[in-house]
Structure formats: structure tokens, C-alpha cells
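No lab work stands behind these numbers, since they all come straight from the coordinates. For clarity, every value in this text was computed on a predicted model and none was experimentally measured. Positions of Cβ are generated from backbone atoms using ideal geometry, with glycine treated the same way; all protein chains shown enter the neighbour counts.
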Amino acid sequence: MIICTNIVSLQKAITKYVKEHKNIGFVPTMGALHDGHLSLIKQSNYQQNITICSIFVNPTQFNDPTDFEKYPKTIEQDLQLLEATNCAIVFLPTVTEIYPKGLQNHKQYDLGFLELSLEGSTRPGHFQGVCLVVERLLEIVQPNFLYLGQKDYQQCMVITKLVKLMQLENKINIQIGATVRETNGLAMSSRNLRLNESQKKDAAQIFQLLTFIKKNIETISINELIAFTEKKLIENNFDKIDYITICNATNLQPITSFDANTKTIALIAAFIGGVRLIDNLLLN
Ligand code: AMP
């Protein structure tokens, strides 16, 4: 595995694959890797000629400075996992390499409704930061295939929009991998490292409630399902709920009644032990 800490060495490592028109799969991450990330690496390895993984905790996407400071860093272990997963190249850029002009006064992306709803409204500026880093990484890596996880459903929609705004939709094919879960259903997340065992057990309620919504969406009203989910999360030691919503999965507009012919998704963001967790489930 080749480890590149700057753009020059990364581009040198990629040159021969570009010259030979090999398919490059790219998995951007913020590290503290788990099986969710590794599933994307494996999918890319299987489908493409070469896989590049980046690890960069992007300061511009954290609206909460404490969340940024506390973001888990396990770089030695990450490298071992990537090596064991046959990742060919790891890109570990510094902040200056990604943001040579500093962290302020960047351009704004027109994300429309995506920026006003759910993660957009509860984490102001978050998606602007995501777009900044992803645009920069795509310019540097120039992949043919970009691997993202469904766990961050709205982020997948934002990045799809970004790729269109960059007019790269014919050059970059976005692949979305299924959410990988712990055996109790808790979606794997780097932030889970900040939970103790009892919080991890309670946190699994998110998936159990999403599953309950999916089972009952045709028979119980959406308002009742949301009220029940909220009550259960509070009973199970969640400190705060950012949202529980059922939306049209293609535009994230909330719906009030279920139509089996319309792609529908339930999404939850809630805090437990001060850690913000998100998850989602397609309902049809
Ligand atoms: P992150 O390091 O949290 O920025 O995530 C990097 C990529 O891994 C993103 O595309 C995530 O959606 C994806 N990812 C994170 N957690 C999971 C999971 N549990 N299952 C599948 N993909 C995931």
C-alpha cells in the first residue's frame, strides 16, 4: 500500500493508472475506520482496477468546534485495516494541502432545499464544508468512481448535486454502499467510539424504531409513528432529538401520508451521551 501525504506524491502514484486508462475508485473518509468504510473499499476493489482512500478530518464541515476536537483519530489502526483490505493508495493530506488559501472566505454552493432541510438546517454550513472538501479531493484524485455510504443519505444527495454543479456527471460515477451495522442494528459510525457499552445498547433503538416505522407505515399514521419514535428515544436515554422524519426519498420533502409507489425514507438524527448519531431506512 502506498501512503501519500501530499498531492505531488499522490499524483505520481496515480499517473501510471491514468495513462493506462484504468478505472480509479475513490473512497473519501475522515478516518477512525470501521467495517462501513471497509465495505466501500472492498466494493471498489471488486469493481475497479485501483482503489484510493483518503483520510482527512475536514475542519470546514464541523459546525460544532467540540465535535471537531473530539472526532476520533486512530490513524495507525486505520492504516493496518486499509492494508489488510488491499487498498492500493491512501491519501493523508494536511489542512494546508487541502486549503492552501486558509479556512475562510470560500465560495458558496447552491444546494437549494438540500441545504435547508434536516442535516442542512440542524448543522448550518455543514454541507458547504462537505462540498468544499469533496470538490478539492475530486480535483486532486480525479476518480472515475466515487464510493459513498447510504448511512449519510442526504450527503449522498448533496455530493450528487455537487458533481452536477461541477459538470462532472459524465466523468464520475457515484456508487452508494449499503449501511453496515453492528449486530444490534446500530449503524457503524466513527462517533460510536465515543459511546460506552450501555449507550451503544440504547443507541440501537434508532435502527429498531426505523424498522418499526417500516413495518407499520401502511397501517399507522405518519404523525403517530413520529410521536411514538420520539417518546421511545427519550425513554431510552437520548438527550436531544434533531429530527425524526419521513420523506420522499428523491427530494427529501416531508410527506404526511404514505404512497407505496413513491420512494420513501425515514431519517433520524439524535444525541445520546452528547454524541450526535444519524441513520435512515428506505421504506419501500
Ligand atoms: P466518514 O468517515 O464518516 O466521513 O465516512 C466516509 C464514508 O463512509 C461516507 O461515504 C459514509 O457515508 C460512509 N460510511 C460511514 N459509515 C458507514 C456505514 N456504517 N456503512 C456504510 N458506509 C458508511
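Details
- Close amide-amide hydrogen proximity is noted between Ile2 and Ile89, Val90, each under 5 Å apart and 5 or more residues distant or on a separate chain (H modeled in the peptide plane; Pro and chain starts excluded).
- DSSP-defined antiparallel bridges as percent of all bridges, the chain, nearest 5: 50 percent
- When the Cα positions of His106, Tyr153, Phe56 are compared along the charge dipole of the stretch 45-153, His106 comes out farthest toward the positive end, with charges on each C-beta of Lys, Arg, Asp and Glu.
- For the pair the stretch 254-284 and the stretch 5-39, the centres of their Cα atoms are 31 angstrom apart.
- For the stretch 1-157, the alpha carbon convex hull comes to 117 Å³ per residue, rounded to a whole number.
- Given Lys12/Lys107; Lys215/Lys240; Lys231/Lys263; Lys70/Lys263; Lys42/Lys232, the pairs whose alpha carbons are separated by over 32 Å: Lys70/Lys263; Lys42/Lys232
- Enclosing the Cα atoms of the stretch 205-248 in their convex hull gives a volume equal to 70 cubic angstrom per residue.
- Peptides 178-188, 203-213, 23-33, 271-281 ordered by packing proxy, namely the average of other Cβ atoms within 10 Å per residue, highest first: 23-33, 203-213, 271-281, 178-188.
- Relative to one another, the C-alpha centroids of the stretch 115-144 and the stretch 46-99 are positioned 15 Å apart.
- Expressed per residue, the C-alpha convex hull volume of the chain stands at 133 Å³.
- Where the Cα pairs of the stretch 4-92 fall when distances are cut into 5 Å bins, in %: 3, 13, 24, 22, 18, 12, 6, 2, 1
- Helix content alone sets the calculated 222 nm mean residue ellipticity of the chain: runs of n ≥ 4 DSSP H residues at -39500 (n - 2.57) each, divided across all residues, give -12000 deg cm²/dmol.
- Cα centre as origin, Lys/Arg/Asp/Glu Cβ charges: the chain dipole, Debye: 540 debye
- Of the GluC sites (Glu not before Pro) in the stretch 20-101, those whose Cβ has at most 15 other Cβ within 10 Å and which sit in DSSP loop: Glu20
- Highest-MSF residue in the chain out of Leu193, Leu82, Leu267 [GNM, Cα springs under 10 Å]: Leu193
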